[in-house]
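Could you have a look at this structure, given as structure tokens, before my questions?
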Amino acid sequence: MIPPSIRIILPIIGTYLIGSIPFGLLVARFVGGIDIRQHGSGNIGATNVGRTLGRKYFFVVFILDMLKGFLPTFFAVQQLATVKISDLTPLVSHAPILVAAAAVIGHNFPAYLKFKGGKGVATSLGVVLAIDVNSSLLALAVFIFTLSIWRFISLSSLLATSAFLVGHFRTTEKPFGRLEWGTSVIMTALWAMMIWRHRTNLKRIMAGTEPKIGQKKS
């Protein structure tokens, strides 16, 4: 019989490898015959692909990046639901969030691209949709509202991520209880990583040089 720790570690490794798939790079090569890292901001994410190849490819890459976070995490959540309460341990209860973190880390630091990846917005949306739908809807509302006002995808993404974290803490009865503390810590760490990965965007916003949605990056 496979030990529980191994049954959890293998999906985490598999999810990291799935998260590492650079859909932005693959779509840009297939559609435009280009290396997206040599165009625009040089990022492999949906935003740069959309600015370079057109809006419809933004949605293609965004959905693909979102699914590689959503599907493994959703499966982990469903598997956790089948575990008896008496068999729950901190490691087992944290399996979905560990899988979620692996997907985001894979996108941000992909093994296939020498650990130089995207910023994890779409993949993060996928994992939070699988973990906490209500807080995700709050984050989506914040994203749409702030994007309609300021038209900065980076800023709206950070504000939406912050809204999700606030919503999660407000709706979780004991966020640092025995079975929840890992989820709370990892979600906070992912939020901090999101800010770190967008630090150059924040600097450009303050300098007035960050391109807005619909505007090509100079």
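The values are calculated or read from the model by the stated rules, or taken from the named source; none is laboratory data. All values reported here derive from a predicted model rather than from experimental measurement. A quick note on method: Cβ atoms are made from the backbone with ideal geometry, for glycine too, and the neighbour counts reach across all protein chains shown.
Restricting to helices (runs of 4 or more DSSP H) lying wholly in the range 1-71: which have 3 or more residues that are over 30 Å from residue 95 (Cβ atoms)? Let's see the steps before the verdict.
Numbers: elements: 4-19, 23-32, 46-53.
Filter on the range 1-71 gives 23-32, 46-53.
I'd like the residue in the range 3-39 that is farther than 19 Å from residue 111 by Cβ and not hydrophobic (A, V, I, L, M, F, W, C) and, out of all such residues, is surrounded by the most Cβ atoms within 10 Å (Cβ to Cβ).
Ranking the candidates gives 39 first.
(1) modelled with pLDDT under 95; (2) assigned to a helix (DSSP H, G or I): which one isn't true of residue 83, the others all being true?
It fails just one condition, (2).
A further question on this structure: May I ask you to say which residue of 53, 25, 17 is over 18 Å from residue 102 (Cα atoms) and within 19 Å of the chain's Cα centre (by Cα)? If you could, list the steps in order and put the result at the bottom.
On the way: 53 fails: within 19 Å of the chain's Cα centre (by Cα); 17 fails: over 18 Å from residue 102 (Cα atoms).
That would be 25, the only listed residue that is over 18 Å from residue 102 (Cα atoms) and within 19 Å of the chain's Cα centre (by Cα).
Further, regarding this structure: Keeping to the range 148-207, report how many residues are closer than 16 Å to residue 96 by Cα and crowded, with 20+ Cβ neighbours inside 10 Å.
The number of residues fulfilling the criteria is 4.
State yes or no: is residue 146 part of a helix (DSSP H, G or I), β-branched (Val, Ile, Thr), at pLDDT 95 or above and out of contact with any Gly (no Cβ under 8 Å at 6 or more places or on another chain)? Lay out the reasoning, then the answer.
Numbers: part of a helix (DSSP H, G or I): yes; β-branched (Val, Ile, Thr): yes; at pLDDT 95 or above: yes; out of contact with any Gly (no Cβ under 8 Å at 6 or more places or on another chain): yes.
So residue 146 fits the description; yes.
Filter the range 107-146 for residues that are hydroxyl-bearing (Ser, Thr, Tyr) and surrounded by fewer than 24 Cβ atoms within 10 Å (Cβ to Cβ); which is nearest to residue 38 (Cα to Cα)?
Taking the range 107-146 as the starting set, the residues that turn out to be hydroxyl-bearing (Ser, Thr, Tyr) are 112, 123-124, 135-136, 146.
If we keep only those that are surrounded by fewer than 24 Cβ atoms within 10 Å (Cβ to Cβ) as well, we get 112, 135-136, 146.
On the way: 112: 17, 135: 36, 136: 33, 146: 30 Å.
It comes out as 112.
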